[in-house]
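*Asks:* Attaching a single structure in structure tokens format; questions to follow.
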Amino acid sequence: MPSTVFSASVFGYECRIVEVEVDILNGTSSFSIVGLGDASVQEAKERIRSALKNSGGVYPQRKKIINLAPADLRKHGPLFDLPIALGLLVTSGQLSAETLAKTLVVGELSLDGMVRPISGCLAIVEKARSEGFEKIIVPALNAQEAQLIEGIQILPTPSLQATISYLKGQGPLPRAAPTKKVESPAEQIVPWDFADIHGHEQAKRALTVAAAGFHNVMMFGPPGSGKTLLARAFSGILPPLSHEDAIEVTKLYSLAGEFQERTGLLYTPPVRSIHHTASASSLVGGGTLPRPGAISLAHNGVLFLDELCEFPRSTLEALRQPLEDGTITISRAAGASTFPARFILIAATNPCPCGHRDDKERRCLCTPHDLRRYYKKLSGPLLERIDIIIHVPRLPYKRFREEPGGEPTNRLRHYVEDARQIQTNRGGLNGKLSARQVSRHCTLTPSAERLMNKA
């Protein structure tokens, strides 16, 4: 009698439930896996054989057929190892099918039967809960991540042997440590405080407005004027994420396989700093199996592009869709996947290739042709998506001899929180308003209307 163990498959940002159907027939010992599994799925045969032998289970010496349904969905990764092994034990009579009722199973097996962690566990647990499963068996090293989703029983297992003992009622699985909460910006020490930065009051004010309204900013000025320093201090004035936003950001990091270094929900807005030699794929995401790129990992946070005019034009043009829609769609032969990518773009650039245009202390050596070629990388549609453009001039030496002054980061963050609360009560942050909301909330006075007609 065939048995069915429920598992899941992740493709891009989406997750699908997979039924692992296992049947054992009379005939020469063989092991077949059907259902559009990739190479890592096919290699599960040898991992499962060795893991069962080293975990006290009996490997059936007959014809074994595994069907991963639905058959038209491509399956990727080794997360089906554990459900296939348990399916073999159920079909061969070594386990009762009742023990896996309303339970979803994921996990990669090592040859000695230990259960290795997987990527995308958070998305799988979220999908299992939405589909009505009551329990989910996950690798022990994914337990902290899985426990971030409430409403479903998490069963972390360190090994196949421990799983078998639990399903036979011979002992409980080890309990996972309580999930910690990553500190919010109000609790962490920011590396740079705005109060420690000399001058640039106009730039500080512009960045505060950008943080409050979720606006994109471009700073230009000569080398050494403080553009990068201001950008690094910017993240400190961002309020902590809401619980829903933190779940969304943490899910993206889980899909990218970067959750292992963290211990809880990411309430701190993410910051991704990209070098100008980065490829378009690393920025927007990609791969045979679509994975989130830097713009998705900066979702609900900050994407910092230093030396903006040094980026290839094709790379910068890839930002147009996410800056407009807040999402990025990656299409591959196996299908298309859409990742969230709504971020604050902080860009910094020199005014010219040599960096000294409009500099009162140094002479610019660039020709008009150099300037045209330099700025040609910034298309009109891209610049239209940047809300604030601010000049950051070089400060004279005497300004560095004075006390920095200015308001500290903590106070600016409170200003930002208050402004965001007002915008949220009205209907949304300024930078996220739809065209209809702009028409409703951003009506112009007669004098402002006359000014716009002259612009």
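*Asks:* Filter the stretch 246-260 down to the residues that are at pLDDT below 90 and touching a Phe, Trp or Tyr at 6+ places or on another chain (Cβ under 9 Å) and list them by number.
*Replies:* Correct list: Phe259 only.
Residue-wise test of (1) in contact (Cβ under 8 Å) with a residue 40 or more places away in the chain; (2) within 23 Å of Leu207 (Cβ to Cβ).
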{"residue": "Tyr267", "(1), (2)": "yes, yes"}
{"residue": "Pro270", "(1), (2)": "no, yes"}
{"residue": "His275", "(1), (2)": "no, yes"}
{"residue": "Gly285", "(1), (2)": "yes, no"}
{"residue": "Pro292", "(1), (2)": "yes, no"}
{"residue": "Leu297", "(1), (2)": "yes, yes"}
{"residue": "Val302", "(1), (2)": "yes, yes"}
{"residue": "Glu307", "(1), (2)": "yes, yes"}
{"residue": "Thr315", "(1), (2)": "no, no"}
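*Asks:* Within the stretch 400-417, does at least one residue satisfy the condition of being touching a helix residue (DSSP H, G or I) at 6+ places or on another chain (Cβ under 7 Å) and free of Cβ contacts under 8 Å to residues at least 60 places away in the same chain?
*Replies:* No, the stretch 400-417 contains no residue that is touching a helix residue (DSSP H, G or I) at 6+ places or on another chain (Cβ under 7 Å) and free of Cβ contacts under 8 Å to residues at least 60 places away in the same chain.
*Asks:* So which residues in the stretch 284-306 are surrounded by 20 or more Cβ atoms within 10 Å (Cβ to Cβ) and closer than 24 Å to Pro222 by Cβ, if there are any at all?
*Replies:* Val302, Leu303, Phe304, Leu305, listed by residue number.
*Asks:* Here's another thing I want to ask about it. For the stretch 119-168, which fully contained helices (runs of 4 or more DSSP H) count at least 1 residues that are more than 26 Å from the chain's Cα centre (by Cα) and of a type in the set (Phe, Trp, Tyr)?
*Replies:* 160-167
*Asks:* Let me ask another. From the set of residues in the stretch 307-339 that are surrounded by 19 or more Cβ atoms within 10 Å (Cβ to Cβ) and not aliphatic (A, V, I, L, M), which is farthest from the chain's Cα centre (by Cα)?
*Replies:* Cys309
*Asks:* Of all residues being part of a loop (DSSP other than H, G, I, E, B) and surrounded by 15 or more Cβ atoms within 10 Å (Cβ to Cβ) in the stretch 8-35, which is farthest from the chain's Cα centre (by Cα)? Just the residue, please.
*Replies:* Top of the filtered list is Gly35.
*Asks:* What number of residues within the stretch 362-378 are touching a residue at least 24 places away in the same chain (Cβ under 8 Å) and surrounded by 13 or more Cβ atoms within 10 Å (Cβ to Cβ)?
*Replies:* 5
The values are calculated or read from the model by the stated rules, or taken from the named source; none is laboratory data. Computed from a predicted structure; not experimentally measured. Please note: Cβ atoms are built from the backbone with ideal geometry, for glycine as well, and neighbour counts cover all protein chains shown.
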